[in-house]
Amino acid sequence: MGKKEKVVLAYSGGLDTSIIIPWLKENYNYEVIAMAADVGQGEELDSLHEKAIKTGASKLYIEDLKEEFVTQYIFPTLKAGAVYEGKYLLGTSFARPIIAKRLVEIAKKEGAVAIAHGCTGKGNDQVRFELTVKALAPEMKIIAPWRIWDIRSREDAIDYAMKRNIPVPVTKKDNYSRDRNLWHLSHEGSELEDPSLEPLYDNILKLSVTPEKAPDKPTYIEITFEQGIPVAINREKLEPVDLIMKLNKIGGENGIGIIDIVENRLVGMKSRGVYETPGGTILYAAHRELELLCLDRDTLHYKDIISHRFAELVYYGQWFTPLREALSAFVDVTQRNVTGTVKLKLYKGNIIPAGTTSPYSLFDEELCTFGEDDVYNQKDAEGFINLFGLPVKVQAMMKKKNMEEPK
């Protein structure tokens, strides 16, 4: 018999990918190579190697991608100010391209003919994984079991696992679908499938406390940026991964960054989730305060338009596209002077600005003072208003003329 063809599976050790290993072997007779990307899941990676091998994988790669994840995906999105539908800080969205990129690299190294993933046919992640594969390895076959097999629900998947003695991290009673990385933790399923119900936060939250349980006194924090990139907390320089981990702890303790959102999936349906992004929410707030101080009006306002489109590209899985690269180039130019320190007050889920300083500040006290000054002639405003308001005046004169003329 010839050697078996190989498939590389994006493996998390969760319910879906745990049952995909035996399913691929049963239905394709492939040698299954598993790849788990460490993008900051923490203890979720513990004992993963033993589990993958026991369920039928020939080997498991555990790839530490945390540094690259932060510097090449999180920070560019942060600099862009990209937020999907005004609430979602894209935690799952920008983790998929880096995982898929490493899948492709391992598949090429192993001589695999296919890449498999555990994304459902209803979700966004299937698009994010597969667009990355198409961009980086267009010749590679893609297998998405959820679009093929007879399993139709998480309950079916649990039954499939139990029949094969595969341990899974969920039960039919605790049936949340979670995705965790360095940036955030998402929760879907269970009571969240009914938008009329308040989330059971005591059952859900893992990174944060609710605002009610946060301290009764505020926490002050200073964040320093260099060209739009956070580099220090309270004047202490930190490596990118350490910086986010520290902010997650501080933010989580103060009930920061918990959102409940009904979002529009790319595939056309709405879904409801609870996301915890404590450190990321702090960074977005601080970055915005610094931009307000350092960017001129036209650049700031146009960048807001770009931010919206950037968020869509990330959410839709279009990271490896010419447009995203072009928008990132634009963003990088806007960030040349976004350097300085932002002080924030954190209190029971709220982020309150407490002062911003920058050597590139465009705030001129002499220009905007309510006191006497010698740099601004207020009489100049009259001519400006006359010219700026001329179209409005002409329109009004036309209307008045038409009303006065006999019909």
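The values are calculated or read from the model by the stated rules, or taken from the named source; none is laboratory data. None of the values given here were measured: they were computed from a predicted structure. Neighbour counts are summed over all protein chains in view; Cβ atoms, including those assigned to glycine, are modelled from backbone coordinates with ideal geometry. Ligands, DNA and RNA are stripped out before the accessible areas are found, and what is left, the full protein with its side chains, is counted by its heavy atoms. Shrake-Rupley method; radii C 1.70, N 1.55, O 1.52, S 1.80 Å.
Quick notes on this one:
- Residue count for the stretch 102-125 under the criterion of being in a helix (DSSP H, G or I) and in contact with a Leu (Cβ under 7 Å, 6 or more places away or on another chain): the result is 2.
- Test for ARG336: is it in contact with a Phe, Trp or Tyr (Cβ under 9 Å, 6 or more places away or on another chain), of a type in the set (D, E, K, R) and open to solvent by 50 Å² or more (accessible area, probe 1.4 Å): yes
- Selected residue (only one of GLU85, GLU50 is open to solvent by 60 Å² or more (accessible area, probe 1.4 Å), without any contact (Cβ under 8 Å) to a residue 24 or more places away in the chain, out of contact with any Lys or Arg (no Cβ under 8 Å at 6 or more places or on another chain) and of a type in the set (D, E, K, R)): GLU50
- The set of residues in the stretch 164-184 that are β-branched (Val, Ile, Thr) and either at pLDDT 90 or above or over 23 Å from ASP202 (Cβ atoms) (or both) comprises ILE166, VAL168.
- Members of the stretch 378-407 that are open to solvent by 100 Å² or more (accessible area, probe 1.4 Å), among the acidic types (Asp, Glu) and either in contact with a Ser or Thr (Cβ under 8 Å, 6 or more places away or on another chain) or over 30 Å from LEU367 (Cα atoms) (or both): GLU404
- When ILE99, ILE74 are checked against the criterion of being farther than 26 Å from ALA144 by Cβ and assigned to a helix (DSSP H, G or I), a single residue qualifies: ILE74.
- Helices (runs of 4 or more DSSP H) completely within the stretch 266-368 that count 1 or more residues being β-branched (Val, Ile, Thr): 278-294, 297-315, 322-334
- Options ILE20, ILE53; residue that is modelled with pLDDT of 95 or more, in a helix (DSSP H, G or I) and not basic (Lys, Arg): ILE20
- Selection from the stretch 23-50 of residues that are assigned to a helix (DSSP H, G or I) and of a type in the set (A, V, I, L, M, F, W, C): TRP23, LEU24, LEU45, LEU48
- Within the stretch 23-30, one or more residues are over 30 Å from PHE330 (Cα atoms), of a type in the set (A, V, I, L, M) and touching a helix residue (DSSP H, G or I) at 6+ places or on another chain (Cβ under 9 Å).
- In the set (1) open to solvent by less than 20 Å² (accessible area, probe 1.4 Å); (2) in contact with a strand residue (DSSP E or B) (Cβ under 8 Å, 6 or more places away or on another chain); (3) modelled with pLDDT under 95, GLY42 fails one condition alone, (1).
- Screening the stretch 128-163 for residues that are at pLDDT below 90 and not in a helix (DSSP H, G or I) and picking the one that is most open to solvent (accessible area, probe 1.4 Å) gives ARG152.
For (1) modelled with pLDDT under 95; (2) open to solvent by 30 Å² or more (accessible area, probe 1.4 Å); (3) over 18 Å from ILE223 (Cα atoms), each residue gets a yes or a no:
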position: GLU253; (1), (2), (3): no, yes, no
position: ASP260; (1), (2), (3): no, yes, yes
position: GLU263; (1), (2), (3): no, no, yes
position: VAL267; (1), (2), (3): yes, yes, yes
position: TYR275; (1), (2), (3): no, no, yes
position: GLY280; (1), (2), (3): no, no, no
position: GLU291; (1), (2), (3): no, no, no
position: THR299; (1), (2), (3): no, yes, yes
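- Those residues of the stretch 185-232 which are in contact with a Gly (Cβ under 6 Å, 6 or more places away or on another chain) and among the aliphatic types (A, V, I, L, M), in sequence order: LEU207, VAL209, ALA214
- Here LEU78 clears all of (1) at negative phi; (2) open to solvent by 10 Å² or more (accessible area, probe 1.4 Å); (3) out of contact with any Asp or Glu (no Cβ under 8 Å at 6 or more places or on another chain) except the condition numbered (2).
So that you can scan it fast, the table gives a plain yes or no per residue for (1) surrounded by fewer than 20 Cβ atoms within 10 Å (Cβ to Cβ); (2) touching a strand residue (DSSP E or B) at 6+ places or on another chain (Cβ under 6 Å); (3) free of Cβ contacts under 8 Å to residues at least 40 places away in the same chain:
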residue: TYR176; (1), (2), (3): yes, yes, yes
residue: HIS184; (1), (2), (3): no, yes, no
residue: PRO195; (1), (2), (3): yes, yes, no
residue: PRO199; (1), (2), (3): yes, yes, no
residue: LYS206; (1), (2), (3): yes, yes, no
residue: THR224; (1), (2), (3): no, yes, no
residue: GLN227; (1), (2), (3): yes, no, no
residue: PRO230; (1), (2), (3): no, yes, no
residue: ASP242; (1), (2), (3): yes, no, yes
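- Within the stretch 303-327, being touching a Ser or Thr at 6+ places or on another chain (Cβ under 7 Å) and over 19 Å from ASN264 (Cα atoms) holds for LYS303, PHE320.
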